[in-house]
Each structure stands twice: as C-alpha cells, then as structure tokens.
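Colleague: Structure below; questions to follow.
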C-alpha cells in the first residue's frame, strides 16, 4: 500500500533537484544585478554546470523508477492502489485536453472529447 512514507524517496529526489535549480537562480540573479564586468564567462560555466546536473538527475533512471511507483509513465495517470476504484481520476479525455494547455501557444490542436 502506498503511504506518505513510500512517497519520501521521490520527494527527496525532487527536492534535491529543486535545490540545485534554486542555486542556479541565485547565480543568475547575481549575474544580472551585482556581478562585475568580465565575470560573465565564468558565471555562464557555473550556471551550465548546475543546470546540467539538475537535468541529469531529473531524467535519470532513478527518477523514472521513483515516478513509476506513483504514476503510469505512459499515460501520466496515478497508479491504482489497493481498494482504489479510480473514480476520482481524470478521464483519458481530460488528460488529452490537458495536453492542449501545455502545447505552445502558436499551435492549434482540435480534439473530439466524445
């Protein structure tokens, strides 16, 4: 059975990624506000390194495995739990319609939610 305790490894992983992204944000802010001229090259390398680490952690097989315990990785829907009837889950139509909001604003897709 899934509990908040079983969610802890995924939450810890995502928090680690968020901390790296937060550090990159501080460096970026400093670059835009206080960094002296001539420091741009070194700062760009620092930002690239942090963003690369965060990206690698996010797309790693470990993160995929942790997400896969909670979500069906093909549909994005929550995995069923013992005794879960699935009645409060989004329908496939809602999931498909949700893709529209994530699509670029200059693209148009028409769906039939039958």
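The values are calculated or read from the model by the stated rules, or taken from the named source; none is laboratory data. Predicted, not measured: the structure shown is a model, and the values here were computed from it. Every residue, glycine among them, receives a Cβ derived from its backbone with ideal geometry; neighbour counts consider all protein chains shown.
Colleague: I'd like to check something: does the stretch 71-83 contain any residue that is more than 24 Å from residue 12 (Cα to Cα), modelled with pLDDT of 50 or more and either out of contact with any strand residue (DSSP E or B) (no Cβ under 9 Å at 6 or more places or on another chain) or loosely packed, with under 11 Cβ neighbours inside 10 Å (or both)?
Modeller: Yes, because at least one residue in the stretch 71-83 is more than 24 Å from residue 12 (Cα to Cα), modelled with pLDDT of 50 or more and either out of contact with any strand residue (DSSP E or B) (no Cβ under 9 Å at 6 or more places or on another chain) or loosely packed, with under 11 Cβ neighbours inside 10 Å (or both).
Colleague: Can you tell me which residue within the stretch 61-70, out of those that are within 13 Å of the chain's Cα centre (by Cα) and surrounded by 12 or more Cβ atoms within 10 Å (Cβ to Cβ), is farthest from residue 6 (Cα to Cα)?
Modeller: Checked the stretch 61-70; the qualifying residue farthest from residue 6 (Cα to Cα) is 63.
Colleague: Next up: Could you list all residues from the stretch 1-22 that are free of Cβ contacts under 8 Å to residues at least 12 places away in the same chain and outside any helix (DSSP H, G or I)?
Modeller: Listed by number, the list holds a single entry, 3.
Colleague: For the structure I just gave you, tell me whether residue 58 is within 16 Å of residue 22 (Cβ to Cβ) and touching a residue at least 40 places away in the same chain (Cβ under 8 Å).
Modeller: So residue 58 fits the description; yes.
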